[in-house]
1. Keeping the other protein chains in place, figure out the carbon and sulfur percent of the accessible area of the range 1-112, with a 1.4 Å probe.
2. Send over a whole-number figure in Å² for the accessible area per residue of the chain, probe 1.4 Å.
3. Could you check the spin-label model distance between Asp28 and Thr185? Points 7 Å from the Cα along Cα→Cβ, value in nm.
4. Could you work out [θ]222 nm for the chain from helices alone, using -39500 (n - 2.57) per DSSP H run of at least four and dividing by all its residues? Round to the nearest 500 deg cm²/dmol.
5. Pick from Leu16, Leu59, Leu34: which is most flexible by mean-square fluctuation in a GNM of the chain where alpha carbon atoms under 10 Å apart are linked?
6. Which residue fluctuates most in the GNM of the chain (Cα springs below 10 Å): Leu76, Leu122, Leu96?
7. Between Arg250 and Arg61, what FRET efficiency comes out of the Förster formula 1/(1 + (r/R0)^6) with R0 = 30 Å and r the beta carbon distance, rounded to 0.05?
8. Could you tell me which label, among (1) 17.0; (2) 26.8; (3) 18.3, carries the value of mean projected area of the Cα convex hull in nm² calculated for this structure?
Amino acid sequence: IVLVTGAAGQIAYSLLYSIAKGDVFGKDQPIILLLLDIPPMLPVLDGVVMELQDCALPLLREVIPTAKEDVGFKDLDAAVLVGSMPRKEGMERKDLLKANVNIFKSQGAALEKYSKKTVKVLVVGNPANTNCLIAAKSAPSIPKENFSCLTRLDHNRARSQVAIRVGVPADNVKNVIIWGNHSSTQYPDVHHAKVNIQGSEVNVFDAVKDDSWLKGDFISTVQQRGAAVIKARKLSSAMSAAKAICDHMRDIWFGTPEGEFISMGVYSSGNSYGVPEDLIYSFPVVIKVWLMNFMNGSLYNISRGSFFRDIIFTLKDTVGVERLTAVSRY
C-alpha cells in the first residue's frame, strides 16, 4: 500500500505510472495506490484515477483518491510526501516554514496513528529536510531511520553533468555525493566519484581533465539547476523529480548496488562526519535489505582544516538555522 500526497500535482502525474507498473517496488508486487490532496483538487484526482485505470496495469489492484488523512495514511508500507505549501510571491522563508510545519506535523501524526510502524517515508515537498524532520518528530513510534528526504534529484543532476562532460552514459558515473540541504546551499562533491570509461573505473578528475570546471561551474550548475528549469519551463522540475523519487525508493526497497553509495537526506544521529545530531541532512549512504548506513567518516579526515570541514560546518549551520526556525513553531 503506497501513499502519494500532492497527488493532483505535476510531480505525482509523472510518478504514479512508474509506481503502478512496477518500476519501484518490483515487477511482481501488486500495488494499492492512495492519492491524497486537498479537497478542491478531488475533481482533478478523479481524472488521474481514470487515467491510471485506463493504463490497464496488471499490478495495480486499487486506486483510492481522498482528502482525508485517516483514509490516506491507513496501513501504509510506503509514503511519498510530495505535497507542501509552495513559496508565494512576497512570502518570507520563515512564513513558508511555518505553513509547512503545520502540514507535516499533521501528516506525521497521521503516520503515527494510522500507518504500519515499518512504513518507509520519503519527503519531497520543500523545504524537504525540515519538513522531513517535523514529520519524523510527529511520529515518535516510527523509527527515525524510516524517514528520508529527496536529494537524489541533485545526485542525478551531478552524475549527468559529469557524464555529459566526459561523453559517457549517466550510469557510467557513480559515487557522487550531495551534502547538506536540498537547496542552493547544498555541496555537490565528486572527490570520490568514479567514471567507467571502456570498462575501466577512472577517478572523476582524471576523466574530466578540467579541475577548474569541477570546482566551479559544475558545482554552481547542480546547485542552481532547479531554478534554471523553472526559468526555462515556467514550471518546476517534475519528470526528473519523479525519476529521482523512483530511484530513491527502489534503493530503499532493494538496496544500493555493490560498491556504490547514493545521496539521501537522513537523520544525522550517529554520523561520523561531525554533523550535529537531530538534523535531516544529505549524506552518502549504502542500503542493504532495508538497513541504511552512513558511508564511514574515513571518506574524509574531518579533523584536518580541509575544504571538507569548512563545507560541513557551513552546511550544518544552514540546515540547523532552518531547523531551529521550524521547531520553534512546532
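1. Working: 2900 of 5340 Å².
Carbon and sulfur: 54 percent of the exposed surface of the range 1-112.
2. Details: 14710 Å² over 330 residues.
Averaged over the residues of the chain, the accessible area is 45 Å².
3. Output for this residue pair reads 4.7 nm.
4. Values: 12 runs with 138 residues, N = 330.
Calculated at 222 nm, the ellipticity per residue is -13000 deg cm²/dmol.
5. Sorting by GNM fluctuation, first place goes to Leu59.
6. Of Leu76, Leu122, Leu96, the Gaussian network model singles out Leu96 as fluctuating most.
7. Values: r = 20 Å, r/R0 = 0.66.
Once rounded, the FRET efficiency stands at 0.95.
8. Derived directly from the coordinates: (1).
The values are calculated or read from the model by the stated rules, or taken from the named source; none is laboratory data. From a predicted model like this one, the values you see are computed outputs, not experimental measurements. Positions of Cβ are backbone-derived with ideal geometry, glycine not excepted, and every protein chain shown enters the neighbour counts. Note: accessible area is taken over every heavy atom of the protein model, side chains too, but ligands, DNA and RNA are not part of it. Shrake-Rupley method; radii C 1.70, N 1.55, O 1.52, S 1.80 Å.
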